[in-house]
Amino acid sequence: PRPAWAVRGGTEWKKAATYSPALRAVPSARAGLTSLFGTTYYGLFALQHRGQESCGIVVNDDGVFTDYKDTGLVNDVFTPNIIDRLGEGNIAIGHVRYGTTGSSERSNAQPIVVNHIKGKMALAHNGNLINSGELRRELELEGSIFHTTSDTEVISYIITKERLSAPSIEQAVNHAVDRIKGAYSLVIMSPSKLIAVRDENGFRPLCYGITKDGRYIVASESCALDAVGAEFIRDIKPGEIVVFDKNGVRSIEDHCGKAPGALCVFEYIYFARPDSVIDGCSVHSARLRAGAFLALEHPVQADVVIGVPDSGLDAALGYSKQSGIPYEIGFIKNKYIGRTFIAPGQKSREDKVKIKLNPIAEVVKGKRVVMIDDSIVRGTTSARIVKLLREAGAKEIHMRVSAPPFLNPCYYGTDIDSRENLIACKYSVDEIAKKIGVDSLGYLSIESVKQIAKGINGGGYCSACFDGMYPTEIPQAPMKNRFETKISENKE
């Protein structure tokens, strides 16, 4: 699952909470930013880059839950008719999905709504559990029936089970955190409360702010707060549980400081929008530093520096400033095509590259080009982009990558789950350069990638996909392979 958004407001409690690592709350198409719906809709819109497979929203009108979710983008799913059906309320949570566990089917869209003996609950999740298989089997042996293949449903069952004996929903969540392991940023809605949760390592970002009219907004990235005119208050701490209700805001820190900080460094390299600030560090600044480090580590004689939109642009600018080689816009991106890295299949990624990018011939024809991109995973997408530049007349192409080589699977929510499909596990740097058709290739070093995120709160981040230093135990179950395209096998 990916980013989340949640809002609380209404007559009795005129505040909103929004969460963005996996959830999205959605506003009315005809509502402005002053409405609960309007706030959440535009918040989800601002976080669309984090997930494009499906989206959903649950509206709470004084304990009455109304929900809608489907595959597709926010603007396509939430038509005026659907928005009118959902109506207004005093709390709302939403979600845009980038699946890492479970297939891309509608049944796996979030948020998940649970009706249990003590009331109702809605939940959205960003991240990936490392013990979901073990927990799922345990619950199934106790009689639980699962309707999805995602690990988010496992989390909802664990919380529901704890709620049977806990005096409050927040205490149930506090107990559930002892059982779920891995990466999870959660937004949870009960009939009267909104709860935001971040795992003990803080793998995925989560922050909250407040609007001028007193609504609290929780979101994965600060750019969503900016989009709805909310003032940033702070990042939610790793291990922290923040409760929003009619009494205001309170924090449960029983699990804070129990594990090393391990924010995913790929948030800075690729996932996040450059105008966001995550755990005290500007994403734009981090990418500029990555580009500058690349220029120092892999200098080359060239005429122009270009970036592959969108996440390669800031690093290209950093490379240009450090090297003195002029920066130019080398590609025009079709703004109506989503992000190819998070498309749910290799064939889908390749097809989108054909219509997503087009080189500007005047910029590259007859020139020695430095092309900056954020990563190379399988290599097929990079090869297609290089071919486009060759056809546009580039004399030389020197590729620089603002991340180290992917050498290890990720268990925490990044779409890197199979060593056999990672090109860097099969070939040397020179061999990769030959396969994708560039004159030279240079990756950012492990040492440098650890220096790009200055000012990070909590003092650490996860770079296990590059260096194999996992901050948690490694799951024993075999990894699913998202490069498979057979949805019937429930793989992404």
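Among helices (runs of 4 or more DSSP H) entirely within segment 107-211, having at least 2 residues that are open to solvent by less than 30 Å² (accessible area, probe 1.4 Å) and of a type in the set (D, E, K, R) singles out 151-163.
This table checks each residue for (1) under 16 Å from Gly43 (Cα atoms); (2) in contact with an Asp or Glu (Cβ under 6 Å, 6 or more places away or on another chain).
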site	(1), (2)
Glu200	no, no
Lys212	yes, no
Asp226	yes, no
Asp235	no, yes
Gly239	no, yes
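Checked across segment 228-237, the condition of being open to solvent by 10 Å² or more (accessible area, probe 1.4 Å), assigned to a strand (DSSP E or B) and over 21 Å from Ile188 (Cα atoms) holds for at least one residue.
Of the residues making up segment 66-99, those that are over 19 Å from the mean Cα position of the chain (by Cα), surrounded by fewer than 20 Cβ atoms within 10 Å (Cβ to Cβ) and outside any helix (DSSP H, G or I) are Thr66, Asp67, Tyr68, Thr79, Gly87, Glu88. Exactly one residue out of Ala259, Ala224, Ala290 is open to solvent by 10 Å² or more (accessible area, probe 1.4 Å), in contact with a Gly (Cβ under 8 Å, 6 or more places away or on another chain) and touching a residue at least 60 places away in the same chain (Cβ under 8 Å), and it is Ala259. Identify the residue in segment 303-350 that is open to solvent by 50 Å² or more (accessible area, probe 1.4 Å), part of a loop (DSSP other than H, G, I, E, B) and at pLDDT below 95 and, among all such residues, is nearest to Glu362 (Cα to Cα). Within segment 303-350, the match that is nearest to Glu362 (Cα to Cα) is Asn334. Taking the criterion of being part of a loop (DSSP other than H, G, I, E, B), farther than 15 Å from Ala286 by Cβ, open to solvent by 10 Å² or more (accessible area, probe 1.4 Å) and of a type in the set (D, E, K, R), would at least one residue in segment 432-448 satisfy it? Checking segment 432-448: at least one residue is part of a loop (DSSP other than H, G, I, E, B), farther than 15 Å from Ala286 by Cβ, open to solvent by 10 Å² or more (accessible area, probe 1.4 Å) and of a type in the set (D, E, K, R). The set of residues in segment 120-154 that are within 25 Å of Gln48 (Cα to Cα) and not small (Gly, Ala, Ser) comprises Met121, Leu123, His125, Asn126, Asn128, Leu129, Thr148, Thr149, Asp151, Thr152, Glu153, Val154.
Residues in segment 122-137 that are in contact with a helix residue (DSSP H, G or I) (Cβ under 8 Å, 6 or more places away or on another chain) and without any contact (Cβ under 8 Å) to a residue 40 or more places away in the chain: 1 in all. For segment 368-392, taking the residues that are open to solvent by less than 20 Å² (accessible area, probe 1.4 Å) and assigned to a helix (DSSP H, G or I), the one that is nearest to Leu422 (Cα to Cα) is identified as Ser382. Can you find a residue that is open to solvent by 60 Å² or more (accessible area, probe 1.4 Å) and in a helix (DSSP H, G or I) anywhere in segment 393-416? So far as segment 393-416 goes, no, none of its residues is open to solvent by 60 Å² or more (accessible area, probe 1.4 Å) and in a helix (DSSP H, G or I).
The values are calculated or read from the model by the stated rules, or taken from the named source; none is laboratory data. Note that this is a predicted model, so its numbers are computed, not measured. Note: ideal-geometry Cβ built from the backbone for every residue, glycine included; neighbour counts use all protein chains shown. The protein model used for the area step is the full one, side chains on, heavy atoms only, and it has no ligands, DNA or RNA in it. Shrake-Rupley method; radii C 1.70, N 1.55, O 1.52, S 1.80 Å.
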